[in-house]
Amino acid sequence: MPSEHVLPLSADGVLKLAAQSMFDLFAQTAMGMMVVDRGHRIVWISEGYKRFLPALGFEREGDFVGKRVEEVVPNTLMNQVIETGRPILVDLLTNKAGTFLVSRLPLRDDEGRVIGAVGLVLMDHPESTMQPLMTKFSRLQRELEDAQRQLAAQRRPKYTIASFIGASAAALEVKRQARRVAGTDSTVLLLGDTGTGKELLAHAIHAASARAAAPFVTVNIAAVPETLLEAEFFGVVPGAYTGADRKGRDGKFVLADRGTLFLDEIGDMPLPLQAKLLRALQEQEVEPLGSNRVRKVDVRVIAATSRDLSAMVAQGVFRADLYYRLHVLPIRLPRLADRLEDLEPLADALLDDIARRSGLPHKALASDAMELLAQHRWPGNIRELRNVLEQAALMTDDLVLGARHLALDAAPASAPAASAEAAAPVATSAAGAPRKRLPQAIAELEMRAIREALTATGGNKLAAAKLLGISRATLYEKLGAADDPAQ
Ligand SMILES: Nc1ncnc2c1ncn2[C@@H]1O[C@H](COP(=O)(O)OP(=O)(O)OP(=O)(O)O)[C@@H](O)[C@H]1O
Ligand SMILES: [Mg+2]
């Protein structure tokens, strides 16, 4: 019988033939078809697929074939099919070329290894044939776009360079430097004591830069546990972890793509991660956890710290190469005590802001209040000023705040050490004989310093720890050891 010769004898052969026939059938009848190799490169497209090229921005097949599929087909999941080896039998793909009903299947070699994937466009304009599904789909898409818009609005900068109040020579110099660096794409390092306005200035530089319309993303390095920092920076691929992170998540570098990444408290960066951060800064690419593939990003970094980075380099706790990389454009923010002529405009602006946010009427400062403010040392800088004014404004219904409303001890600016002694004669009596045992005296002195720091920072423990020159962990330890110390 001739039919014996038409079909190959083995089951394997039959299957191969069936696969070949199905492939040809799909290639002819599907609206479009493409084959992508292991490395995500498009190796072949069907005749039908060519009709989509103009809408994807390509005139010639030769410019399209050979490219990585995720670079030329927005929102494609072909790469995911290759990575997971799992097919996506039916899906809707929307991009600039339209919305399509698509199917994606992995291709395997004889050993079962994924060697690529085939993608089918089953239908274009599915909206006409799949009306109910499409209605739901467009509603979900609208909701998604709304949510994305809201998120973008939240990430938009809160401050401009004009929000950095001050007309002293030191403040004007800061603003001049901020405007200058805003015009560049280089890394900026903001140095200055706690509460001097580093975060405000970072927002302002972004807002004045060409990246203003793109996201401003912050990582507060001191606030993220060390074990989570790497994922926070670089992201996690799906399946790298079990549990909550199973789905994978983008890192802050990717979220800040085309925008600005603000690395707050860079001095708290753990040493092992410093090398990885340096690499990301230099190469402008990141490698998510669980992946062996790098992803390009376009991110301008602004870093800030109140710690003495050059001393940390000398001590070997901060990498010199990272330091020099960050130190390209340093801006040093002056302490409030070094620009007291700005006290009045600052107080005015802060009282305005406090009124706006609290809904209370605007309050003014009496001259005795101004005098008292001018005598203070301001270890917590402008944050401390804000806290003092806010507390006073909320404590009274009076529209003019006098010295009596301000919770400030009148320690003279020039003699901080002497005043601390005068205010805390804990260890000796007037006659000079010890009244207390040394450990108790030290503990009391410590608690007093901590309380003062917490008042200066409005209860912000991280800032208070910085002010005291101790780590946050040490502060918590000391607070935990005392009876209700935050009072
Ligand atoms: N020049 C300024 N003009 C107006 N407000 C300011 C100025 N500088 C700082 N502030 C205000 O002071 C507060 C503290 O500023 P910011 O958070 O930017 O300080 P920081 O330098 O980041 O401090 P830290 O090192 O403790 O994080 C904020 O409420 C900010 O709006
Ligand atoms: Mg800050």
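What is the distance, in nm, between label points placed 7 Å from the Cα along the Cα-to-Cβ direction at E477 and at L360?
Each label point is offset 7 Å from its Cα along the Cβ direction, giving 3.9 nm.
If you take the beta carbon distance between R180 and F58 as r and set R0 to 60 Å, what does 1/(1 + (r/R0)^6) give as a FRET efficiency, to the nearest 0.05? Walk me through the numbers before you get to the answer.
On the way: r = 41 Å, r/R0 = 0.68.
Once the sixth-power term is evaluated, E becomes 0.90.
Give the share of C-alpha pairs in each 5 angstrom bin for the range 1-132, from 0 to the last occupied bin, in whole percents, shortest bins first.
2, 10, 18, 22, 19, 12, 8, 5, 3, 2, 0, 0
Here is the link list: K136/K247; K96/K136; K136/K296; K16/K247; K276/K296. Which ones come out longer than 26 Å on Cα distance?
Details: K136/K247 24 Å; K96/K136 20 Å; K136/K296 34 Å; K16/K247 36 Å; K276/K296 15 Å.
Exceeds cut-off: K136/K296; K16/K247.
Rounded to the nearest 20 debye, what is the charge dipole size of the chain about its Cα centre when +1 sits on each Lys and Arg Cβ and -1 on each Asp and Glu Cβ? Don't jump to the answer; show the numbers that get you there.
Values: 59 positive and 60 negative charges, 51 e Å.
So the dipole magnitude of the chain works out to roughly 240 debye.
Assuming R0 = 60 Å, what is the FRET efficiency of D91 and R437, from their Cβ-Cβ distance, to the nearest 0.05? Before the final figure, lay out each step's value.
Values: r = 75 Å, r/R0 = 1.24.
The formula returns an efficiency of 0.20 here.
Arrange the residues I382, I470 by how much accessible surface each exposes, largest first, with a 1.4 angstrom probe.
Details: I382 30, I470 55 Å².
Descending order: I470, I382.
Have a look at the DSSP beta bridges in the chain and tell me what percent are antiparallel, nearest 5.
60
If amide H atoms are built 1.01 Å from N in the plane of the peptide, which residues on other chains or at least 5 residues away come under 5 Å of the amide H of S291?
V237
Using amide H atoms built in the peptide plane, which far-off residues or other-chain residues are under 5 Å from R108 H to H?
I115
Quick one: what are the phi-derived ³J(HN,Hα) couplings along the range 29-42, Karplus 6.51/-1.76/1.60 with θ = phi - 60°, whole Hz, x for glycine and proline?
Per residue, the Karplus-derived 3J(HN,Hα) values read 9, 5, 5, x, 8, 9, 10, 10, 8, 3, x, 6, 7, 6 Hz.
Show the residues, 5+ positions off or on another chain, whose built amide H is closer than 5 Å to the amide H of L365.
Excluding prolines and chain starts, which carry no amide H, the hits are L401.
Counting helices only, and only those DSSP H runs with n ≥ 4, report the 222 nm mean residue ellipticity of the chain as the sum of -39,500 (n - 2.57) divided by its residues, in deg cm²/dmol to the nearest 500. Display every interim value, and only then the final one.
Numbers: 22 runs with 220 residues, N = 487.
Roughly -13500 deg cm²/dmol at 222 nm, from the helical runs in the chain.
Give me the accessible area of D264, 1.4 Å probe, in Å² rounded to the nearest 10.
Accessible area, nearest 10 Å²: 20 Å².
At E285 and R404, where each label point lies 7 Å from the Cα along Cα→Cβ, what is the point-to-point distance in nanometres?
With each label placed 7 Å out from Cα toward Cβ, I get 6.9 nm.
For L25 and L394, FRET efficiency with R0 = 56 Å and r from the beta-carbon atoms, rounded to 0.05? Don't skip to the answer; put the middle values down first.
Values: r = 76 Å, r/R0 = 1.35.
About 0.15, to the nearest 0.05.
What does a probe at R38 reach in the range 106-127, counting residues whose amide N is under 17 Å from the point 7 Å along Cα→Cβ?
106-118
Determine the share of the chain's accessible area contributed by carbon and sulfur atoms, expressed in whole percent, with a 1.4 angstrom probe.
Working: 14510 of 26570 Å².
That share works out to 55 percent.
Please report the spacing between the Cα centers of the range 294-371 and the range 210-229 in Å, no decimals.
17
Using the Cα centre of the range 99-231 as the reference point, and only Cβ charges (+1 on K/R, -1 on D/E), how large is the resulting charge dipole? Debye, rounded to the nearest 20.
Values: 16 positive and 14 negative charges, 136 e Å.
Charge dipole, the range 99-231, about its Cα centre: 660 debye, nearest 20.
Once you have the Cα-Cα distance between H125 and D321, take 0.36 nm times their residue separation minus that, and quote the gain in nm to one decimal. List each step's numbers first, then the result.
Numbers: separation 196, 0.36 × 196 = 70.56 nm, distance 5.43 nm.
Gain in length upon complete extension: 65.1 nm.
Tell me the per residue accessible area of the chain using a 1.4 Å probe; a whole number in Å² is fine. Each step should come with its number before you reach the end.
Values: 26570 Å² over 487 residues.
Accessible area per residue, the chain: 55 Å².
How far is helix 198-207 tilted, in degrees, relative to the longest principal axis of the Cα atoms in the chain, given as a value from 0 to 90 rounded to the nearest 10?
In the chain, helix 198-207 runs at an angle near 40 degrees to the longest axis.
For the chain, just list the percent of Cα-Cα distances falling in each 10 Å bin from zero outward, please.
Percent of pairs per bin, in order: 3, 14, 20, 20, 15, 11, 8, 5, 2, 1, 0, 0, 0.
Would you work out the Kirkwood radius for the range 200-302? I mean one over the mean of 1/r across all pairs of different Cα atoms, in Å. Working shown, then result.
Working: mean 1/r = 0.0714 Å⁻¹.
Evaluated over the range 200-302, this radius sits at 14.0 Å.
Residue-wise, which Karplus ³J(HN,Hα) couplings in Hz belong to the range 124-139, taking 6.51 cos²θ - 1.76 cosθ + 1.60, θ = phi - 60°, and x for glycine or proline?
Those phi angles translate into 9, 6, x, 4, 6, 8, 10, 3, x, 5, 5, 4, 5, 4, 5, 5 Hz.
What lysines could a cross-link reach from K478, if we take a straight Cα to Cα line under 25 Å and drop same-chain neighbours fewer than 8 places away?
K436, K461, K466
The values are calculated or read from the model by the stated rules, or taken from the named source; none is laboratory data. Predicted, not measured: the structure shown is a model, and the values here were computed from it. Here the Cβ is made from the backbone with ideal geometry for all residues, glycine too, and neighbour counts use every protein chain on show. Note: accessible area is taken over every heavy atom of the protein model, side chains too, but ligands, DNA and RNA are not part of it. Shrake-Rupley method; radii C 1.70, N 1.55, O 1.52, S 1.80 Å.
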